[in-house]
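Enquirer: Sharing a structure, written as structure tokens. Questions coming.
The values are calculated or read from the model by the stated rules, or taken from the named source; none is laboratory data. Keep in mind that this is a model prediction, so the values were computed, not measured. Backbone-built Cβ (ideal geometry, glycine too); neighbour counts: all protein chains shown.
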Amino acid sequence: MPRILIVDDEKSIRKALREILEYEDFKVDEAADGAEGLAALQKEKFDIVLCDIKMPKVDGMEVLDKALDADTDTPIIMISGHGTIETAVEAVKKGAYDFIAKPLDLNRLLVTIRNAMDKSKLVTETKVLKRKVTKTYDMIGDSKPILQIKEMVDRVAPTEARVLITGSNGTGKELVARWLHEKSNRAGAPMVEVNCAAIPSELIESELFGHEKGAFTSAVAQRKGKFEVAEGGTIFLDEIGDMSLSAQAKVLRALQENKITRVGGDKEFKVNVRVIAATNKDLQNEIKENRFREDLYHRLSVILIHVPALNDRKEDIPLLVEHFAKLISDEQGLPQKTFSKESLKELQKINWTGNIRELRNVVERLLILCDKTITDKDVAAYARPK
């Protein structure tokens, strides 16, 4: 249900507007003056604000200025019984969505509200699309391990060297891989990700190398594999430690000869891809247990990058929290909230077994459940729900 804030010092106006808007299925909040209105805007998120101009304490134009300074996307419609053309023009120039003079034309008011909501929705959708199109990847943090990774990526990315990324689940191995791709000479070509742990062993070869029609029961049509799809770009073999030995042999051949053969076919295809792999397993131990090919390991590990656990870089938590808070608020249209110094210290005390992924989930939970300023008590209450 859309939510509207009415900021007006005349109780009769607020009451009349509330009755009309609630009849039109809006949820309505009231503020008796500008100061109360600003406090409500800081605490809650609204779809529309109707704001009178002439009010005691803080007038409507000041409310407009401060709301816009807070970088709100909420459309603000100014209303006034003392309206002039100059006042209307000034309000719209400052950033108000529209100006409506009293006595209010209810039909015009409702049309203006609907149009403002449509525009707000389009603005939000446009921002989301822009973020998706222009999304770049970066490692957040200035701890020593992260600075070392950044330096390594800057050195390695422009080369054609294969990279093996190691680290626990949730540490950000995929982020390092995407960062390597974006900084490489192949950035204009696709980066194709293959989660080796998520694909059944009997299908991994088809997924990687494609198959010919009739190669197996469900192969009703010819299909390109990920190596062909990534032509000219990068293929990211995530959790490669979970790949079957038969698939490992074919990957090794592809790396040695830059050629692949589709399942059920005999034609060879030349491929030009850069291979980046990642694993949360100890591949040296997997080699000893005959679960991973030593020759493939040496082919993949031209460059080794280890991503540390969050517990080994807790000094980065304040930067990560700030980054996730902005990212999540923008993605979900949540009001911007701040974390107190005490809350950040409390977050640094936690044993992060789920690493960066777990921290992001906790930040999202706190943004949804807590007030404008998130405290150490909030962290204690919600970071580890029972």
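Enquirer: What about A278, is it modelled with pLDDT of 90 or more, under 23 Å from D154 (Cβ atoms) and in the same structural domain as V163 (by TED's automatic domain parsing)?
Expert: In short, yes.
Enquirer: Please go through the range 177-191 and pick out each residue that is within 20 Å of the chain's Cα centre (by Cα) and crowded, with 19+ Cβ neighbours inside 10 Å.
Expert: A177, R178, W179, L180, H181, M191
Enquirer: What are the residues in the range 1-23 that are surrounded by fewer than 19 Cβ atoms within 10 Å (Cβ to Cβ) and within 19 Å of D371 (Cα to Cα), if any?
Expert: R3
Enquirer: Can you name the residue in the range 227-265 that is free of Cβ contacts under 8 Å to residues at least 40 places away in the same chain and over 12 Å from G210 (Cα atoms) and, of all such residues, is surrounded by the most Cβ atoms within 10 Å (Cβ to Cβ)?
Expert: My answer is R253.
Enquirer: Moving to a separate point now. For the range 325-348, name all the residues that are at pLDDT 95 or above and either β-branched (V, I, T) or not in a helix (DSSP H, G or I) (or both).
Expert: Hits for the range 325-348 are F339, S340.
Enquirer: Moving to a separate point now. So V133 clears everything in (1) under 30 Å from V271 (Cα atoms); (2) modelled with pLDDT under 95; (3) among the aliphatic types (A, V, I, L, M); (4) surrounded by 14 or more Cβ atoms within 10 Å (Cβ to Cβ) except one condition, right? Which one?
Expert: V133 satisfies every listed condition except (4).
Enquirer: Then there's this: Hey, could you check the range 24-37 for residues that are assigned to a helix (DSSP H, G or I) and touching a helix residue (DSSP H, G or I) at 6+ places or on another chain (Cβ under 6 Å) and say which is surrounded by the fewest Cβ atoms within 10 Å (Cβ to Cβ)?
Expert: Only one residue fits best here, namely G34.
Enquirer: Here is a follow-up. Which residue pairs have Cβ atoms closer than 8 Å, lie 6 or more positions apart in sequence or on different chains, and pair a first residue in the range 302-321 that is touching a residue at least 40 places away in the same chain (Cβ under 8 Å) and farther than 21 Å from I276 by Cβ with a second residue that is in a helix (DSSP H, G or I) and among the acidic types (D, E)?
Expert: What qualifies is L310/D316; L310/E358.
Enquirer: Determine whether the range 53-61 contains at least one residue that is surrounded by 21 or more Cβ atoms within 10 Å (Cβ to Cβ) and under 26 Å from L122 (Cβ atoms).
Expert: Scanning the range 53-61 turns up at least one residue that is surrounded by 21 or more Cβ atoms within 10 Å (Cβ to Cβ) and under 26 Å from L122 (Cβ atoms).
Enquirer: Among (1) under 22 Å from Q148 (Cα atoms); (2) surrounded by 15 or more Cβ atoms within 10 Å (Cβ to Cβ), which single condition is N311 missing?
Expert: (2)
Enquirer: In the range 71-100, which residues are within 21 Å of Q336 (Cβ to Cβ) and of a type in the set (S, T, N, Q)?
Expert: T72, T74, listed by residue number.
Enquirer: Scan the range 92-116 and report the pairs whose first residue is at positive phi and whose second residue is surrounded by 18 or more Cβ atoms within 10 Å (Cβ to Cβ) and part of a helix (DSSP H, G or I), with Cβ atoms within less than 9 Å and a gap of 6+ or a chain change.
Expert: Pairs found: G95/L64; G95/A67.
Enquirer: While we're looking at this one, here's another question. If you scan the range 211-230, which residues turn out to be in a loop (DSSP other than H, G, I, E, B), of a type in the set (D, E, K, R) and under 25 Å from T166 (Cα atoms)?
Expert: If the condition is that a residue be in a loop (DSSP other than H, G, I, E, B), of a type in the set (D, E, K, R) and under 25 Å from T166 (Cα atoms), then no residue fits.
Enquirer: Across the range 38-52, which residue is surrounded by the most Cβ atoms within 10 Å (Cβ to Cβ) among those that are in contact (Cβ under 8 Å) with a residue 12 or more places away in the chain and part of a helix (DSSP H, G or I)?
Expert: L41
Enquirer: Is one or more of the residues making up the range 75-96 closer than 18 Å to R3 by Cβ and exposed (fewer than 13 other Cβ atoms within 10 Å of the Cβ)?
Expert: Checked against the condition, which is being closer than 18 Å to R3 by Cβ and exposed (fewer than 13 other Cβ atoms within 10 Å of the Cβ), the range 75-96 yields no hits at all.
Enquirer: Is it the case that the range 290-298 has a residue that's in contact with a Phe, Trp or Tyr (Cβ under 6 Å, 6 or more places away or on another chain) and either surrounded by 16 or more Cβ atoms within 10 Å (Cβ to Cβ) or at pLDDT 95 or above (or both)?
Expert: Scanning the range 290-298, I find no residue that is in contact with a Phe, Trp or Tyr (Cβ under 6 Å, 6 or more places away or on another chain) and either surrounded by 16 or more Cβ atoms within 10 Å (Cβ to Cβ) or at pLDDT 95 or above (or both), so the answer is no.
Enquirer: I would also like to ask the following. Within the set of pairs 6 or more residues apart or between chains, which connect a residue that is within 11 Å of L38 (Cβ to Cβ) and in contact (Cβ under 8 Å) with a residue 12 or more places away in the chain inside the range 53-67 to a residue that is surrounded by fewer than 17 Cβ atoms within 10 Å (Cβ to Cβ) and not basic (K, R) with Cβ atoms less than 8 Å apart?
Expert: K57/A35; V58/A35; L64/G95
Enquirer: Being touching a residue at least 60 places away in the same chain (Cβ under 8 Å), within 22 Å of the chain's Cα centre (by Cα) and not assigned by TED's automatic domain parsing to the domain that holds P158, is that true of even one residue in the range 368-377?
Expert: yes
Enquirer: If I filter the range 199-215 down to residues being in contact (Cβ under 8 Å) with a residue 12 or more places away in the chain and among the aliphatic types (A, V, I, L, M), which single residue comes out as farthest from T279 (Cα to Cα)?
Expert: Top of the filtered list is A215.
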